[in-house]
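Just below is one structure, and these are the notes that go with it.
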Amino acid sequence: MMAVTSSCKDGGMKMQMDNGKYVRYTPEQVEALERLYHECPKPSSMRRQQLIRDCPILSNIEPKQIKVWFQNRRCREKQRKEASRLQTVNRKLTAMNKLLMEENDRLQKQVSQLVYENSYFRQQTQNATLATTDTSCDSVVTSGQHHLTPQQHPPQPPRDASPAGLLSIAEETLAEFLSKATGTAVEWVQLPGMKPGPDSIGIVAISHGCTGVAARACGLVGLDPTRVAEILKDRPSWFRNCRSVDVLNVLSTGNGGTIELLYMQLYAPTTLAPARDFWLLRYTSVLEDGSLVVCERSLNNTQNGPSMPPVQNFVRAEMLPSGYLIRPCEGGGSILHIVDHMDLEPWSVPEVLRPLYESSTLLAQKTTMAALRNLRQISQEVSQPNSAGWGRRPAALRALSQRLSKGFNEAVNGFTDEGWSVLESDGVDDVTLLVNSSPGKMMSANLYTNGVPSMSTAVLCAKASMLLQNVPPAILLRFLREHRSEWADRSIDAYSAAAIKAGPCNMLGPRAGSFGDQVILPLAHTIEHEEFMEVIKIENMGHYREDMMMPAADIFLLQLCSGVDENAVGTCAELVFAPIDASFSDDAPILPSGFRIIPLDSRMDTPSPNRTLDLASALEVGPAGSRASGDNAGHSGNTKSVMTIAFQFAFEIHLQENVAAMARQYVRSIIASVQRVALALSPSHFGSHAGFRPPPGTPEAQTLAGWICQSYRCYLGGELLKTEGSESILKSLWHHSDAILCCSLKAMPVFTFANQAGLDMLETTLVALQDITLEKIFDDNGRKTLCSEFPQIMQQGFMCLQGGICMSSMGRPISYERAVAWKVLNEEETAHCICFMFINWSFV
């Protein structure tokens, strides 16, 4: 309980003790106590006792009084922090309430407009019906005037691009943008999969029935409007698909605004379609209410002013009025409205890829929400530097992630103006090879360590794109990340790591040497964990042949991963990595390679009211052997995606032919591995088992769940699940809070089934679970205990283990309070498997 305190006029303080008496502290004593509190906040500090003895002002105060003062000081500090936090929350809730009220007003206007349009069209339908029954010439002509197609309208004349004309275009762009951001110019529907709430990114919507693709978002940002505008204008810093933005001309307007003429280039997401570019006008101005507006539109049809001719390797796209409305928020921060509206010219890409250019959901995920997330990340780094997820050097880590993403995009696109040239094919066009020996490429990859160039004088890129069916991108990407040994050749990893260093390096044959395990070391993550960076350590325990000039050493890869949330609709999944020196310096050479998987589902823009992404429900099977509920069948099956693969290799120019053959063979082997994994993960390959591949002799999941619960009841005399009814047994087992795992009865037991908690504990998937042996998750003591107690399970039917430590498939230690193991009997009452339940587990 905090003591009662009051301040005195002279700067001193009065404090009531436990016995009811008041103690008065002079201003000097208060100042000395405050200084002591900041220097030694811990009560049992020996240094504090020494400072008290050395300070004449404090030596006259009783130790109990000092103790009570410190207790009171800590309570006041907690109260002050809590009051500040509550004030911040209150300001945020007030701003959110204002934002929601404005959104409600906009929706009411939209409803009124839809009601009016519905009434108008109903009247027009009635008039058309009357007109068809009237055979008079006048009525036929009158009704025919309402059916002009867009192609019948005359083309729009070129717009004037003189300074006065540009100002007119800018004002018109501002009005159209505001009508989209806060008005009803576009019919907006909520982005599928978004869950509104206090912790959500904001209100995100996509267009319905308008030209091109459009997305809109509004939310709160803890930065002032000027800073927000500055960040958003620097599009390459937060929009990963933006290659460059060049400001070619700047004009000042009479109202204090600024008109800029921009040329912007966007990377192509795959190797199957050309990149996009834009010729833009950007108008920055301040409204009467103090709001800051940055709006943009294309200048594709202008005269009497600057123009931008077509550029090789790019398709000129159109940006319709878009931009940012930034309003200051009371108490600090900003209320932000974003509108992105584009026509990406889908006619110029193969038909199978058109969903990439016709989906407003993809635009919202890649552009609109990326802007909001970047602002929230920077805001949290400023306000809470210790909890932003990017460590103590967020700017440096963000720069590394930008270098990884940009390097991968450059490899995928292979622009000639960067020095890339295509090598001759070997007759099969599945893999494209490009080579770049320009000094600019070597400098951009930073292949000059401390001013000393590496022995490599060129870079070769092997890239390919492939279509995938019936496998969710997030699940496939997670498997590629967690099981690198399934597709990667570690001898080539070793070559790539050595090739960027300042020293000679020879080519390696496939699978040369002996390699240890990989260890994933988390490095940084964004607020919502939608993107994270990590270091992959590949232990190299082998020895190369004598003619190999690379010493045996651990290999380190810097890796950037995003899009692993399978519940997010329209998310692009990426895994980009690059060999890096163990010193991890800011100027480390980076030559990225990796995978990008983009969904091609044309139904992404269609919201579904009964969408379910529950894996347990996907595991349920009926009499016909296949049963899906709700939207899940459409989500995990019958889906298409495009995977783009790009790998870069630094090499000495005289080894080009050898490196080209190695790269072509390596990428083809990766394609084969990915196809094999995708087939295993595809639910259509194993009926309704979404990602679950039972080995021969394994019962259906529902039956196995019944055996597990019945055997638990038989041997331990209790109920494993609280719910009853055979229809809900599997679902209840799947969502059980404790980790439940089944292993086979073999000489080397392997896991065959796990619930969600079990998969989380082992950090694996249902497919990869069968590669994990029972003894792998225990340490030496655990294995000894298991070997000595295992006969008890077979004889007695169950066994209880004391708390201990086990390991995940990623090598992370896990503590558990206790564990129970019991024998699972089938319908013939013979042992089918052993089931383990780890109670109250957690990562150490």
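Within the set 284, 226, 270, the sole residue that is in contact (Cβ under 8 Å) with a residue 60 or more places away in the chain and open to solvent by less than 40 Å² (accessible area, probe 1.4 Å) turns out to be 270.
Those helices (runs of 4 or more DSSP H) of segment 344-410 in which at least 2 residues are among the small types (Gly, Ala, Ser) and modelled with pLDDT of 90 or more, considering only elements entirely within it, cover 369-383. Filtered by the rule that a residue be modelled with pLDDT under 65, over 21 Å from residue 406 (Cα atoms) and crowded, with 17+ Cβ neighbours inside 10 Å, segment 418-454 gives a lone residue, 454.
Would you call residue 353 more than 29 Å from residue 600 (Cβ to Cβ), open to solvent by less than 10 Å² (accessible area, probe 1.4 Å), touching a residue at least 24 places away in the same chain (Cβ under 8 Å) and assigned by the TED database to the domain that holds residue 218?
No; evaluated as a whole, the condition is false for this residue.
Does segment 194-201 include one or more residues that are modelled with pLDDT under 95, farther than 20 Å from residue 335 by Cβ and of a type in the set (D, E, K, R)? So that I can check it myself, show each step before the final result.
Initial filter on segment 194-201 (modelled with pLDDT under 95): 194-201.
Then drop every residue that is not farther than 20 Å from residue 335 by Cβ, which leaves 195.
From what is left, the residues that are of a type in the set (D, E, K, R) are 195.
The answer is yes; a qualifying residue exists.
Scanning segment 650-661 turns up at least one residue that is touching a helix residue (DSSP H, G or I) at 6+ places or on another chain (Cβ under 9 Å), assigned to a loop (DSSP other than H, G, I, E, B) and modelled with pLDDT of 60 or more. State all residues of segment 356-370 that are open to solvent by less than 10 Å² (accessible area, probe 1.4 Å) and over 16 Å from residue 639 (Cβ atoms); if no residue qualifies, say none. Matches in segment 356-370: 360, 364, 367, 368, 369. Yes or no: segment 706-725 includes at least one residue that is assigned to a helix (DSSP H, G or I), out of contact with any Leu (no Cβ under 6 Å at 6 or more places or on another chain), at pLDDT below 85 and surrounded by fewer than 22 Cβ atoms within 10 Å (Cβ to Cβ). Checked against the condition, which is being assigned to a helix (DSSP H, G or I), out of contact with any Leu (no Cβ under 6 Å at 6 or more places or on another chain), at pLDDT below 85 and surrounded by fewer than 22 Cβ atoms within 10 Å (Cβ to Cβ), segment 706-725 yields no hits at all.
Screening residue 298 on (1) open to solvent by 10 Å² or more (accessible area, probe 1.4 Å); (2) within 22 Å of residue 310 (Cα to Cα); (3) within 29 Å of the chain's Cα centre (by Cα) shows it passes everything except condition (3). Checking each residue in segment 222-241 for being assigned to a loop (DSSP other than H, G, I, E, B), over 29 Å from residue 90 (Cβ atoms) and not basic (Lys, Arg) picks out 234, 238, 239, 241. Looking across segment 666-678 at every residue that is open to solvent by 30 Å² or more (accessible area, probe 1.4 Å) and touching a residue at least 60 places away in the same chain (Cβ under 8 Å), the one that is nearest to residue 425 (Cα to Cα) is identified as 668. A count restricted to segment 773-782 and to residues that are touching a Leu at 6+ places or on another chain (Cβ under 9 Å) and open to solvent by 20 Å² or more (accessible area, probe 1.4 Å) stands at 1.
Okay, residues lined up against (1) surrounded by 19 or more Cβ atoms within 10 Å (Cβ to Cβ); (2) under 17 Å from residue 741 (Cα atoms):
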| site | (1), (2) |
| --- | --- |
| 757 | yes, yes |
| 771 | no, yes |
| 789 | no, no |
| 798 | no, yes |
| 803 | no, yes |
| 809 | yes, yes |
| 812 | no, no |
| 820 | yes, yes |
| 832 | yes, yes |
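Filtering segment 201-235 to residues that are in contact with a helix residue (DSSP H, G or I) (Cβ under 8 Å, 6 or more places away or on another chain) and either among the β-branched types (Val, Ile, Thr) or farther than 14 Å from residue 338 by Cα (or both) leaves 201, 203, 204, 206, 213, 221, 222, 223, 228, 231.
Among the residues of segment 798-838, not one is closer than 16 Å to residue 719 by Cα and at pLDDT below 85. May I ask you to verify whether residue 523 is open to solvent by 10 Å² or more (accessible area, probe 1.4 Å), modelled with pLDDT of 80 or more and assigned by the TED database to the domain that holds residue 418? Criteria met by residue 523. Of all residues in segment 276-330, those satisfying the criterion of being under 20 Å from residue 372 (Cβ atoms) and in a loop (DSSP other than H, G, I, E, B) are 291, 321, 329.
The values are calculated or read from the model by the stated rules, or taken from the named source; none is laboratory data. Fair warning: this is a prediction, and the values are worked out from it, not measured in the lab. Cβ: placed from backbone, ideal geometry, glycine included. Neighbour counts: every protein chain shown. All accessible areas refer to the heavy atoms of the entire protein, side chains included, with ligands and DNA or RNA removed. Shrake-Rupley method; radii C 1.70, N 1.55, O 1.52, S 1.80 Å.
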